[in-house]
1. Less than 13 Å Cβ to Cβ from Ala310, Lys/Arg counted +1 and Asp/Glu -1: what total charge do the surrounding residues give?
2. Pairs of alpha-carbon atoms within less than 8 angstrom and 6+ residues apart define the contacts here; what relative contact order does the chain have, in percent?
3. Net charge within 13 Å of Arg150 by Cβ-Cβ distance, Lys/Arg positive one each and Asp/Glu negative one each, not counting Arg150 itself?
4. Among bridges DSSP assigns within the range 144-309, what percent are antiparallel (round to 5)?
5. Only counting other Cβ atoms within 10 Å, I'd like Lys221, Lys42 sorted with the fewest neighbours first.
6. In sequence order, what are the phi-derived ³J(HN,Hα) couplings for the range 64-69 according to the Karplus relation 6.51 cos²θ - 1.76 cosθ + 1.60 with θ = phi - 60°, rounded to whole Hz, with x for glycine and proline?
7. If amide H atoms are built 1.01 Å from N in the plane of the peptide, which residues on other chains or at least 5 residues away come under 5 Å of the amide H of Val50?
8. For the range 167-205, state which trypsin sites (Lys or Arg not before Pro) are in a DSSP loop and have at most 15 other beta carbons lying within 10 Å of their beta carbon.
Amino acid sequence: MNKELKYVFDPTQVERLKWSEFVSGHPKGNIFQTPQMYDAYKTSKNYDPVFVACLDTEGSIRGLLVGSVFSEKDGALKNLISRCIIFGGPLLSPGVPAIDFVQRYNDFVKKKAVYSRLANLFDNSKELSGIESVGYEFKEHLNYNIDLARSQDEIWNSIQNTRRRQIRRGYRRGISVNISFEIDDIADYYGIVLETYKNAGLPLQDISFFESVYNNLSREKNILFFSAYYEGKLIGHRIILSYGNRLYDWFAGDNPKERDKYTNDVLVWEVLKWGNENGYEVFDFGGAGEPGKEYGVRDFKEKFGGKLVAFGNYLIVHQPAKYAMLQSLLKVHRSLKRSR
């Protein structure tokens, strides 16, 4: 352990401005490591935010991690399915030993979460080299990043022909798109996402999470709503997070009865076009599943001309017995779903 570094686990022990400046000044700084995202976790149902920072002898931040312990259920099940997810962290300065940092994190969270996942937004293979020695396992996971710094014609021409036709068709069939940093009622957007997730057989976070993220990120215009309307009615949307020179695909949903309008295709194009016009350089498409496994979402995202990246995740199991039980329950759940 580096004795010159002091570790803190309470965000009030760090000046908020210094925290923001550390994230914004880090080459891999991202929206998920900001004070605003920590605050959003703090006021969301079923979320317990996690904060770890290491400070040098002068009190400057040298490393930082923001995540959250999350469980869809309360009661007895909560202890079985609680896990900590860290998007885009930790952020470490040169010279900070990754092994020491994640070991401090492990010691802090191991009684709160059955397992943890470091979801990489960049290639962190050098920064996190060696953390396998303290229990982490690298898991392959894909994503698409779309270059927004090209000309708009280049972005358009990189989209598959079929998608381009569908986008044109959507406009011809009467779709209009509104782009805004503020909305009147998050419940309208949540309802569409909830229905989309139900149809896909996926769980969705409580509405308080959406409300809290909106309330905390909208102040500095770090959240955008791309809303598709047909005859004055909201039929689909994409919620986008913005930070630095990047846009992040966050949540999306559409009305399945209106899919002849190609809502999703039109909305993705509107995001790419807006990002290009407003000086953003990268659109992070928000994940494309595991290689070798069929995933319809990946098939959709592939058609928009992005670069396939494999930054992966790091997984660590803190409570092996509970994790084994959880995997068994998930296997039974999947089997029951297939038999229906």
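Rule-based calculations on the coordinates, nothing more; no lab input. The structure displayed is predicted, hence computed values, not measured ones. As a convention, Cβ positions derive from the backbone with ideal geometry for all residues, glycine included, and neighbour counts pool all protein chains shown.
1. It works out to a net charge of 0.
2. So the answer I get is 22 percent.
3. Local charge sum for Arg150: -3.
4. 90
5. Lys221, Lys42
6. Along the range 64-69, the couplings run 7, 9, 10, x, 8, 7 Hz.
7. Gly67, Ser68, Val69
8. Within the range 167-205, the qualifying trypsin sites (Lys or Arg not before Pro) (loop, at most 15 other Cβ atoms within 10 Å) are Arg173.
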